[in-house]
Amino acid sequence: MKPDIPVALTQRGPAEHERREQIIDAAFEHFRLYGYAKTSVADLAKSIGVSGAYIYKFFESKQAIGEAICSQRVGQIDEALMLIAQTDQSATLRLRSIFKTLLTRSLDLFFQDRKLHDLAATASAQQWKSTLNHRAMMYSIVEKVVTDGRESGEFERKTPLDEVCMAITSVMTPFSHPLLLEQKTPEQLEERVQAITSLVLRSLAK
């Protein structure tokens with residue numbers, strides 16, 4: 001079944017207010033230094049010289065702030081993958097590049113700072129909207145490449161499109177989920193992403 005389309009994250013106040021960005025930036029630094037669980041809204045308010053009540057004008061909870069940060073960071077991965085999907089390369093080369101880039105970008109994001117990795121793990125475990133949106137975007141990216149591959153004659157057309165896209169999106173999970181990434185070394189993940197990509201491409205071939 002195709003994932004739900006991306007949904008807007010809950011926010012309050014003017015969408016482009018500079019205070020909103022200031023709160024997100026302050027939260028990012030606090031989460032990096034102290035972790036998501038050990039950071040309170042009061043800590044964030046103190047760091048930027050406002051009251052907790054003022055922060056609640058823009059975000060309904062600490063989780064909403066965490067959602068905004070996750071959405072920004074994971075959105076960078078989605079943008080990189082969509083750019084690959086929109087190139088003029090063959091669908092085969094695009095899909096291989098998407099798998100590899102997903103792993104590389106996810107490792108960079110989740111392991112450049114341990115406490116930010118913990119935030120990403122919390123988002124995944126609690127099924128935050130930012131995580132669900134990422135899955136929906138992944139499906140859309142895969143759907144575009146597979147559709148292009150079918151139109152160009154590279155990929156078979158007998159299997160229902162939604163079934164193919166859901167299967168491919170599912171096998172991508174170990175290369176983007178923060179907790180699953182912990183279970184293997186980068187070298188092991190590189191070996192696996194190559195093997196799985198090759199298997200996927202063989203299954204798609206006419």
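Pop the C-beta distance of LEU161 and THR101 into the FRET formula with R0 = 25 Å and round what comes out to the nearest 0.05.
0.65
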Practice task
Note the direction-averaged projected area, equal to a quarter of the hull surface, for the Cα convex hull of region 87-151, in nm².
Solution key: 4.8 nm²
Problem - Cα→Cβ-extended label distance, 7 Å offset, between THR173 and ASP88, nm - result: 3.8 nm
Fill in the blank from the handout: So the angle from the long Cα axis of helix 129-152 to the longest Cα principal axis of the chain, reported in degrees to the nearest 10, equals 20 degrees
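Please report, to one decimal in angstroms, the Kirkwood hydrodynamic radius of region 11-59 built from all distinct Cα-Cα pairs. Present the calculation step by step, with values, prior to reporting the outcome.
Working: mean 1/r = 0.0928 Å⁻¹.
It is 10.8 Å.
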Exercise for the section: Would you calculate the separation in nanometres between label points at LEU33 and ASP118, each defined as 7 Å from the Cα along the Cα-to-beta-carbon direction? Expected result: 1.5 nm
Exercise for the section: Please report the base-10 log of the normalised intensity I(q)/I(0) for the chain, using a Debye sum with one equal scatterer per alpha carbon and no solvent, at each q in 0.16 (1/Å). Expected result: -1.01
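For region 11-59, what does the accessible surface come to per residue with a 1.4 Å probe? Please give it in Å². Intermediate values should be presented prior to the final figure.
Details: 2850 Å² over 49 residues.
Accessible area per residue, region 11-59: 58 Å².
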Handout entry: Burial order of peptide ranges 178-189, 34-45 (average beta-carbon count within 10 Å, highest first)
Key = 34-45, 178-189
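Order the peptides 79-86, 115-122 from the highest to the lowest mean number of other Cβ atoms within 10 Å of their residues. Write down the numbers at each step before the final one.
Numbers: 79-86: 16.0, 115-122: 19.8.
Put in order of decreasing packing, that is 115-122, 79-86.
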Problem - Rg/Rh (Cα only; Kirkwood hydrodynamic radius) as it applies to region 59-101 - result: 1.24
Completion exercise
As straight-line cross-link partners of LYS144, the qualifying aspartates and glutamates (C-alpha separation under 15 Å, not fewer than 8 residues apart within one chain) are ASP78, GLU79, ASP88, GLU154, GLU156, ASP162, GLU163
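Evaluate the charge dipole of the chain about its Cα centre and quote only its size in Debye, nearest 20, assuming +1 on the Cβ of each Lys and Arg and -1 on the Cβ of each Asp and Glu. Can you show the working numbers first?
Details: 26 positive and 26 negative charges, 58 e Å.
Its charge dipole is roughly 280 debye.
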Fill in the blank from the handout: Semi-axes in Å, largest first, for region 97-197 (Cα gyration tensor, √(5λ)) are 27, 16, 10
Problem - Degrees between helix 62-85 axis and first principal axis of the chain (Cα, 0 to 90, nearest 10) - result: 30 degrees
Practice task
Note the angle between two axes, namely the Cα long axis of helix 18-34 and the longest principal axis of the Cα atoms of the chain, as a number of degrees from 0 to 90, rounded to the nearest 10.
Solution key: 80 degrees
Exercise for the section: Calculate one ³J(HN,Hα) per residue across region 41-49 by plugging θ = phi - 60° into the Karplus curve 6.51 cos²θ - 1.76 cosθ + 1.60, and present them in order as whole Hz with x for glycine and proline. Expected result: 4, 4, 4, 5, 4, 5, 5, 10, x
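The values are calculated or read from the model by the stated rules, or taken from the named source; none is laboratory data. On a predicted model such as this, the values are computed, not experimentally measured, just so you know. Glycine gets a Cβ as well: all are built from the backbone with ideal geometry, and neighbour counts include every protein chain shown. Protein only, heavy atoms only, side chains kept; ligands, DNA and RNA dropped before computing areas. Shrake-Rupley method; radii C 1.70, N 1.55, O 1.52, S 1.80 Å.
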